[in-house]
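No value in this document is a laboratory result; all are computed from the given coordinates. Being a predicted model, the structure only gives us computed values, none of them experimental. Methodologically, a virtual Cβ is constructed for each residue, glycine included, from the backbone with ideal geometry; neighbour enumeration extends over all protein chains shown.
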Amino acid sequence: MSARTLVTGIGVAAPSGLGVEDFWAATRIGKNAIGPVTRFDASSYPSRLAGEIHGFEPGEHLPGRLVPQTDRVTQLALVATDCAFEDAGLAPGDLHPCDMGVVTAAGSGGFEFGENELRKLWRQGPKHVSAYQSFAWFYAVNTGQIAVRNDLRGPTGVLVGDQAGGLDALAQARRRLRKGSRLIATGGFDASVCSLGWAAHLAGGHMSTSHEPERAYLPFDEAASGYVPGEGGALIILEDEESAAARGARNVYAEFAGYGATLDPRPGSGREPGLRRAVETALADAGCHPAEVDVVFADGAGVPRLDREEAEAITAVFGPLGVPVTAPKTTTGRIGAGAAPVDVVSAVLAMREGLIPPTTNVEPSPAYDIDLVAVRPRTASVRTALVLARGRGGFNSAVVLRALD
Amino acid sequence: MVARRVVITGIGVLAPGGIGVREFWELLSSGRTATREITHFDASPFRSRVAAEADFLPELHGLTGQEIRRMDRAAQFGVVAAREAVADSGLDLAGLDPYRTGVSIGTGVGAVSSLDKAYRAASDHGRLAAVDHTRAPGDLYDHFVPGSFATEVAWAVGAEGPATVVSTGCTSGIDSVAHAVDLIREGSADVMVTGATDAPITPLTLACFDAIKATTSLNDDPQRASRPFDATRRGFVLGEGAAVFVLEELESARRRGATVYAEVAGYASRSSAFHMTGLRPDGRELAEAITVALDEAHLNPSDLDYVNAHGSGTRQNDAHETAAYKLALGPYAHRTPVSSVKSMIGHSLGSVGSIEIAASVLAMRHHVVPPTANLRTRDPQCDLDYVPLVAREHRTDAVLTVGSGFGGFQSAMVLARPDRSTA
């Protein structure tokens with residue numbers, strides 16, 4: 001029960017980089033990866049920017065038979081998982097398949113695939129709907145395909161909580177380890193840069209309508225006017241400490257030390273939003289005093305009301321300007337279920353390098369009493385990081401990661 | 001530290017042929033079936049035209065006009081079942097710390113019917129290559145990401161603790177309840193409102209199951225179309241509905257004098273890691289999930305009084321499952337009654353696992369095992385005691401319920417009286 005849970009492998013598929021090396025090279029300097037939508041004709045919509053992963057050819061990474069069966073989100077998830085297992089240095093036979101499981105977060109599932117099948121259904125009729133629709137769209141597809149491809153026969157899980165689901169998945173992975181599994185592949189992915197997905201984002205009412213890639217997604221900035229969707233996600237290998245030691249895990253990035261989650265009260269209740277309680281719960285779970293936290297990876301909604309709520313929660317726990325805060329997702333846009341796992345990757349790399357990546361493009365608003373690491377990266381000893389994620393509908397999740405001595 | 005024991009103290013069910021726990025149990029214990037020709041839409045162009053539909057009028061179940069407009073049918077099911085469960089539990093949630101009440105709601109396919117409707121509206125029935133967002137409903141995002149189901153249930157019951165949707169396909173309804181149990185055991189919540197909901201009877205769902213011939217072709221005999229474990233079975237029959245429970249810690253339930261229906265005593269999930277729709281015939285991963293769930297419950301196979309089967313009625317599943325029972329339970333596979341309520345209420349994908357937990361708990365409450373309807377012709381591959389046609393009076397103190405689904409998901413849960421003697 002008390003054995004620690006360790007991050008022993010990371011894989012990332014983000015607009016700023018496919019693979020950890022490219023991703024971190026871009027993230028550490030805040031290189032913008034938001035640009036005009038290319039995956040479909042977005043010219044008729046008020047929002048036309050996205051964080052897309054360019055140059056991804058699934059056939060270069062995956063068996064040919066898998067490509068027509070899978071949505072882009074699954075292709076990205078499988079490739080990130082391959083990278084994470086390689087990073088973890090897991091050799092075949094190191095662990096028994098039944099000791100390894102997979103828990104992922106999903107937002108909209110294989111949504112582009114689903115939209116294409118809806119189009120066939122209503123244009124051509126039911127007989128034209130693909131057999132693969134029966135498993136390519138549903139929210140469990142990535143967990144299922146990752147298990148099949150990597151022969152992971154242990155416990156499984158799939159959580160949906162918009163952006164917050166990405167952290168909830170990691171917490172469920174830790175529970176699986178505490179119940180006796182030795183390794184859980186976990187993380188989250190989303191990719192819905194397609195016409196119906198766009199309509200959904202627009203309906204949400206928080207999408208930026210700016211057409212300037214550097215000005216569209218500006219959390220904690222006076223000019224904040226919404227978000228830009230991104231695609232991708234990250235896969236994190238979590239291992240039980242003893243098991244990792246026994247197999248001689250070569251990369252031990254950090255301890256997954258604490259977690260907390262709440263749901264905001266019903267709108268109009270007048271009660272405090274739940275983020276502060278989620279943070280306090282995560283810190284208590286980690287046995288960590290707020291003063292020990294070296295950086296907060298913020299959710300960074302980019303919507304003034306939500307930015308204010310988040311800044312107030314951070315200030316309530318850490319005091320005014322009490323801790324460096326960053327939101328490197330300004331380079332990628334908001335990746336739904338993939339966003340927070342990508343931030344976890346950034347957090348453990350920040351620990352490794354001793355550098356806090358910047359919140360690119362943002363000029364911090366004086367209205368918030370937070371120490372935002374804007375524009376330029378900051379050199380700092382990062383031993384403990386707090387990652388926050390909030391989802392539409394009021395989901396709040398917080399994770400504490402701690403460097404190992 | 002003694003692990004906290006988690007019990008079910010409230011039940012709400014909304015199922016085909018029965019809205020509310022009382023009607024639901026009447027249907028199951030009578031062995032009647034709720035499968036029929038599809039009426040939700042014109043199903044004539046489809047290969048499979050039978051489903052178990054719920055006759056649900058949301059305005060009769062306390063939902064406001066605004067809630068009805070905002071929520072997908074599955075979310076509506078979930079909220080109605082959650083309210084029934086909370087009322088049944090007798091808990092005054094408003095009197096508890098809202099941060100200590102959480103929500104875990106399973107769904108297999110989320111708001112698929114609302115997405116289908118939104119697509120049709122915004123694409124002018126597929127005529128527009130790019131959808132016109134101005135014709136899409138204002139709540140489309142909440143259908144796009146079905147985390148909204150957990151939010152709606154939480155708002156309905158006033159929960160502000162950990163909340164999530166669990167979406168592991170056809171095992172979602174077991175896995176969501178198991179997630180809730182974990183949260184109470186570890187101390188993250190004191191009360192969980194948990195269960196699952198799905199409303200998958202839509203053209204898109206029908207079409208994709210047609211394409212792989214997973215659903216039945218027995219269109220001429222709708223009431224007898226779902227035939228789990230029968231030699232003439234031809235695939236599953238889609239269903240819809242929800243079941244939601246109130247879970248709390250045993251001692252606090254006893255202190256307040258609550259009705260304790262059952263302890264959620266054991267659980268495990270495994271992946272067959274084989275194929276997205278195919279199963280290894282030996283059932284080994286499902287068997288392992290069963291064994292681990294029994295271990296966690298400190299029960300032996302001989303302690304089980306009833307096995308509530310997945311029993312979807314596909315050729316592959318029912319044989320796979322039977323093999324798994326033989327592996328996990330040994331001789332007791334033959335000595336324990338096994339039945340599939342999907343023969344009566346169909347297969348509602350992600351929610352059916354929770355509906356089957358409700359059936360299992362009610363079997364314990366009434367000491368009656370619900371039957372497998374429509375089981376008239378023996379299949380040599382399926383040679384267990386499936387309680388054909390007629391419910392059976394049977395002392396029931398411990399039940400195993402299982403789920404198996406696309407993506408390789410295999411889940412097993414053990415429900416038992418908390419005062420049972422343990423192995």
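General remarks:
- The mean number of Cβ atoms from other chains found within 10 Å of a Cβ in peptide B:105-113 is 3, as a whole number.
- Rounded to the nearest angstrom and listed largest first, the equivalent-ellipsoid semi-axes of the range B:7-69 from its Cα gyration tensor are 24, 20, 9.
- Taken about its Cα centre, chain B carries a charge dipole of about 820 debye when Lys and Arg each add +1 at the Cβ and Asp and Glu each add -1 at the Cβ.
- Gyration tensor (alpha-carbon) shape descriptor, the range A:353-405, a/c threshold 1.5: oblate
- Among A:157, A:183, A:196 the positive-end extreme of the charge dipole of the range A:152-206 (Cβ point charges): A:183
- Each Lys and Arg contributes +1 and each Asp and Glu -1, all at the Cβ; summed about the Cα centre of the range A:26-154, the dipole is approximately 560 debye.
- Charge dipole of the protein assembly as shown (Cα centre as origin; +1 on each Lys and Arg Cβ, -1 on each Asp and Glu Cβ, all else neutral): 1460 debye, rounded to the nearest 20.
- Mean Cα-pair separation over length for the range A:68-218, i.e. relative contact order, pairs under 8 Å, 6 or more apart, %: 34
- From the C-alpha gyration tensor of the protein assembly as shown, square roots of 5λ in Å: 40, 29, 25
- Dividing the mean sequence gap of close Cα pairs (under 8 Å, 6+ apart) by how many residues the range A:42-156 holds gives a relative contact order of 34 percent.
- Under a 5 Å amide H cut-off, with hydrogens placed 1.01 Å from N, residue A:194 pairs with nothing among residues at least 5 apart or on other chains.
- With at most 10 neighbouring Cβ atoms within 10 Å, loop trypsin sites (Lys or Arg not before Pro) (DSSP) excluded, longest segment of chain B: B:128-394
- Near the amide H of residue B:394, within less than 5 Å, lie the amide hydrogens of B:368, B:369, all on another chain or at least 5 residues away, with H placed in the peptide plane.
- Listed by Cβ neighbour count within 10 Å, with the fewest neighbours leading, B:344, B:71 appear as B:71, B:344.
- Net charge contributed by nearby residues that have their C-beta within less than 15 Å of residue B:407 (K/R +1, D/E -1): 0
- Modelled this way, with points 7 Å down the Cα-to-C-beta line, the labels at residue B:64 and residue B:124 are 3.7 nm from one another.
- Counts of other chain beta carbons within 10 angstrom of each beta carbon in peptide A:168-176 average 3.
- An ellipsoid equivalent to chain B, defined through the eigenvalues of its Cα gyration tensor, has semi-axes of 30, 28, 18 Å when rounded to whole angstrom and sorted largest first.
- The trypsin sites (Lys or Arg not before Pro) of the range A:5-61 that DSSP puts in a loop, and whose beta carbon has at most 15 other beta carbons within 10 Å, are A:31.
- Volume in Å³ per residue [convex hull over Cα atoms, computed for the range A:139-284]: 178
- Of the residues A:306, A:140, A:105, the one whose Cα sits farthest toward the positive end of the charge dipole of chain A, with +1 on the Cβ of Lys and Arg and -1 on the Cβ of Asp and Glu, is A:140.
- Environment charge of residue A:390, counting only residues whose C-beta is closer than 11 Å and scoring Lys/Arg +1, Asp/Glu -1: -4
- Whole-number percent relative contact order across the range A:278-340, with pairs defined as alpha carbons under 8 Å at least 6 apart: 38
- The range B:260-271 - phi-based ³J(HN,Hα) in whole Hz, Karplus 6.51/-1.76/1.60, Gly and Pro as x: 9, 6, 5, 8, 7, 8, x, 7, 7, 10, 9, 10
- Around the amide H of residue B:11, modelled in the peptide plane, lie the amide H atoms of B:88, B:89, B:246, all under 5 Å away and 5 or more residues distant in sequence or on another chain.
- Among B:382, B:208, sorting on how many other beta-carbon atoms sit within 10 Å of each Cβ, with the fewest leading, yields B:382, B:208.
- Of B:387, A:393, B:145, farthest towards positive along the dipole that unit charges on Lys, Arg, Asp, Glu beta carbons give the protein assembly as shown: B:387
- Counted by neighbouring Cβ atoms within 10 Å, the residues A:120, A:329, A:179 run from fewest to most as A:179, A:120, A:329.
- Global form of the range B:9-118, assessed from the alpha-carbon gyration tensor, a/c cut-off 1.5: oblate
- Shape analysis of the range A:121-166 yields a ratio of the Cα radius of gyration to the Kirkwood radius, Rg/Rh, of 1.13.
- Two-decimal Rg to Rh for the range B:74-189 - Kirkwood Rh, Cα set: 1.08
- Using θ = phi - 60° and Karplus 6.51 cos²θ - 1.76 cosθ + 1.60, couplings along the range B:216-232 (whole Hz; Gly, Pro as x): 5, 9, 7, 6, 7, 9, x, 6, 10, 7, 9, 10, x, 6, 8, 5, 9
- For chain A: rounded, prolate or oblate by the Cα gyration tensor [a/c cutoff 1.5]: oblate
- Across all Cα atoms of the range B:291-423, the radius of gyration (one decimal) and Dmax (whole number) stand at 13.6, 39 Å.
- Remark: the range B:118-132, residue by residue, has Karplus-estimated 3J(HN,Hα) of 5, 4, 4, 5, 7, 9, 6, 6, x, 6, 8, 5, 9, 5, 8 Hz, where x stands for each Gly or Pro and the curve is 6.51 cos²θ - 1.76 cosθ + 1.60 at θ = phi - 60°.
- Over all other residues within a Cβ to Cβ distance under 14 Å of residue B:246, the charged ones net out to -4, with Lys and Arg as +1 and Asp and Glu as -1.
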